[in-house]
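Report on one structure; see the data block that follows.
A short reminder: the numbers here are calculations on the coordinates, not readings from a lab. Note that the structure is a prediction, hence the values are computed from the model and not measured. So basically every Cβ, Gly included, is an ideal-geometry build from the backbone, and we count neighbours across all protein chains shown.
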Amino acid sequence: MENLKFIGMAVFLITAVACGKKQQHNEPAEFPDNWKKYENKDYRIHYPDTFDLNTSGFMGFDFILFSKATSLDDKFIENIGLMKQNLKHSGISMNQFVELSETQISEMITDVDIIESKRVKKGNLEYHKLIYTSRQGKSDLKTMQYYFLENEIAYVLNFTSEEDQFDNYINNSIEIMDSFVVK
């Protein structure tokens with residue numbers, strides 16, 4: 001349970017600065033020439049070269065993709081990040097993980113409004129999709145998360161933007177997030 005609190009806190013922190021069986025993502029066979037690939041032993045993801053990749057483990061994230069600032073007045077950098085949570089021997093199901101995550105988000109983040117929470121199935125892939133708005137300081141934010149549960153590991157893929165910029169980034173962000181593959 002303490003480990004699950006870590007996920008909620010890390011999701012909260014990233015917004016402040018910027019089941020069972022193996023499943024395959026239905027990723028496109030090819031990506032545009034300007035797209036890059038980040039891969040390790042557990043997963044891979046593709047992203048356009050307009051995003052900067054940070055794999056330093058910043059705030060507990062396996063990686064964070066930061067968009068480029070659109071102007072000198074751009075105060076929030078849209079981002080996509082991944083956190084992993086070891087759930088071995090916890091017996092936590094996807095439904096329980098989603099319920100705990102929604103509770104933590106509502107308790108730890110200001111003015112949360114959950115817009116969408118649903119299970120998505122694409123081919124052999126199943127994940128949970130959560131979209132919510134919140135307030136961080138003076139910023140109104142909108143976040144989309146994908147939750148994967150694979151081999152007793154929860155993968156939380158998180159896209160956060162300013163609420164009024166969400167529609168400008170959502171199509172590209174969905175393409176990036178849909179390219180995520182757990183090996």
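What the table shows:
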| item | result |
| --- | --- |
| Residue order, fewest to most beta carbons within 10 Å, for Val112, Val156 | Val112, Val156 |
| In sequence order, calculated HN-Hα J values of segment 81-91 (Karplus, 6.51, -1.76, 1.60; Hz; x Gly/Pro) | x, 10, 10, 10, 10, 6, 10, 3, 6, 8, x |
| Per-pair calculated FRET efficiency, R0 = 22 Å: Asn151 and Asn95 via Cβ, rounded to 0.05 | 0.80 |
| Ranked packing of 140-149, 43-52, most packed first, by mean Cβ within 10 Å | 140-149, 43-52 |
| Residue order, fewest to most beta carbons within 10 Å, for Thr110, Thr133 | Thr110, Thr133 |
| Among the listed pairs Lys84/Lys129; Lys36/Lys129; Lys37/Lys129; Lys118/Lys138, those beyond 20 Å (Cα-Cα) | Lys36/Lys129; Lys37/Lys129; Lys118/Lys138 |
| Ratio of the Cα radius of gyration of segment 45-134 to 2.2 N^0.38 Å, where N counts its residues | 1.30 |
